[in-house]
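Beneath this line is the structure, given in structure tokens, with notes to follow.
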Amino acid sequence: MPEKDLEDLLALTEAGEVWGVGSRYRDQLREVGVHSVLDLRRMNPAQVQARWGVVMAKTVRELQGVSCIELSDHEEARKQIACTRSFGKPVRELGQLENAISEFASRARGTPGSRASACWAT
């Protein structure tokens, strides 16, 4: 896309549409005259970092074409699977506790977080 076309598109897009710019930041940006993504792109990253933090400064740098966040080719495999639950009322009998633990362990084994993995020990 030609730079002029990109700038036109960024000028039409509200700064609040950028990932990480919530309503609070959007309102604060408006107060300093930043309304569009183009306005946000033109900001000084050092000044942005001083006021809104390093994440927002990285966002500005990314909009300026500087890669700040590495994209990994693969996700690191999870080392643990947790299935947390609480009881709706106090459990006073060992049998109830054993049944609940068995049920939760079964759920944890069957919930690998959409990864092709196996649970080796429960």
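The values are calculated or read from the model by the stated rules, or taken from the named source; none is laboratory data. What you are looking at is a predicted structure, and each value in this text was computed from that prediction instead of being measured. FYI the Cβ positions are ideal-geometry reconstructions off the backbone, even for glycines, and counts take in every protein chain you see.
Annotations
- Taking every residue in the range 79-93 that is under 11 Å from Arg107 (Cα atoms) and pairing it with any residue that is at pLDDT below 75 and outside any loop (DSSP other than H, G, I, E, B), at least 6 positions away or on another chain, the pairs with Cβ-Cβ distances below 6 Å are Ile81/Ala108; Cys83/Arg107; Cys83/Ala108.
- Among residues that are within 17 Å of Gln64 (Cα to Cα) and assigned to a helix (DSSP H, G or I), Gln47 is included.
- Of all the listed residues (Ser114, Ser106, Ser72), the sole one being outside any loop (DSSP other than H, G, I, E, B) and at pLDDT below 85 is Ser106.
- The one condition in (1) at pLDDT below 85; (2) loosely packed, with under 11 Cβ neighbours inside 10 Å; (3) in contact with a helix residue (DSSP H, G or I) (Cβ under 9 Å, 6 or more places away or on another chain) that Ser23 fails to fulfil: (1)
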